[in-house]
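Here the structure is laid out as structure tokens; the discussion comes afterwards.
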Amino acid sequence: MDGSRNSLWFTKLEVNRRFRKEKKVNRYTAKKLSDQAFPSVKYKENKHIKVRVTKSPYDGDLVYWSQRNSGLYDNATSKALKKQNHCCGHCGHKLLGNEYLHLHHIDGNHDNWKPKNLMAVHQSCHQQIHSSQKDT
Ligand SMILES: [Zn+2]
Ligand SMILES: [Zn+2]
């Protein structure tokens, strides 16, 4: 996020400089003009983007595991898959490449990315896990 903020700040500087050059205005007026062009409200918006987007009502990180050749494969998901022999941790069936794969956080803590807390499951199985948890 700092990147976009910095580039905004940089653009602002650029505009500031241009205002001063072209319109022959003084430092104060140039700043005022560039502030109008870039209202400070932007910071608030940036903060919103920072918050992790929840893709589903569940805690799974949804990936196509057909993306296994990309960088994604070398992450927590791939480790969980390897550990489970590419089988769903819930129903035990194979996780196929064209299916959605969810990562279930066993202890319910979405910040706990330790391999033993992660379980790769089918999307539908993941929904089952959570609906049965609600019942108990
Ligand atoms: Zn399953
Ligand atoms: Zn889950």
| task | Kindly indicate the residue of segment 109-123 that is away from ligand 2 (no atom under 12 Å from the Cβ) and at pLDDT below 90 and also nearest to the chain's Cα centre (by Cα) among those meeting that condition. | result | 111
| note | Over segment 87-121, the set of residues closer than 16 Å to residue 131 by Cα and among the acidic types (Asp, Glu) is 107
| note | If we keep only residues of segment 83-108 that are among the polar types (S, T, N, Q) and at pLDDT 90 or above, then the residue nearest to ligand 2 (Cβ to nearest atom) is 84
| Considering segment 100-136 alone, what residues qualify as being outside any strand (DSSP E or B) and either in contact with an Asp or Glu (Cβ under 7 Å, 6 or more places away or on another chain) or within 9 Å of ligand 1 (Cβ to nearest atom) (or both)? | 110, 117, 123, 124, 125, 126, 128
| query | Can residue 76 be described as modelled with pLDDT of 90 or more, of a type in the set (Gly, Ala, Ser) and within 16 Å of ligand 2 (Cβ to nearest atom)? | reply | no
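The values are calculated or read from the model by the stated rules, or taken from the named source; none is laboratory data. This structure is a prediction, so every number in the text was calculated from the model and none was measured. Cβ atoms come from the backbone with ideal geometry, glycine included; neighbour counts cover every protein chain shown.
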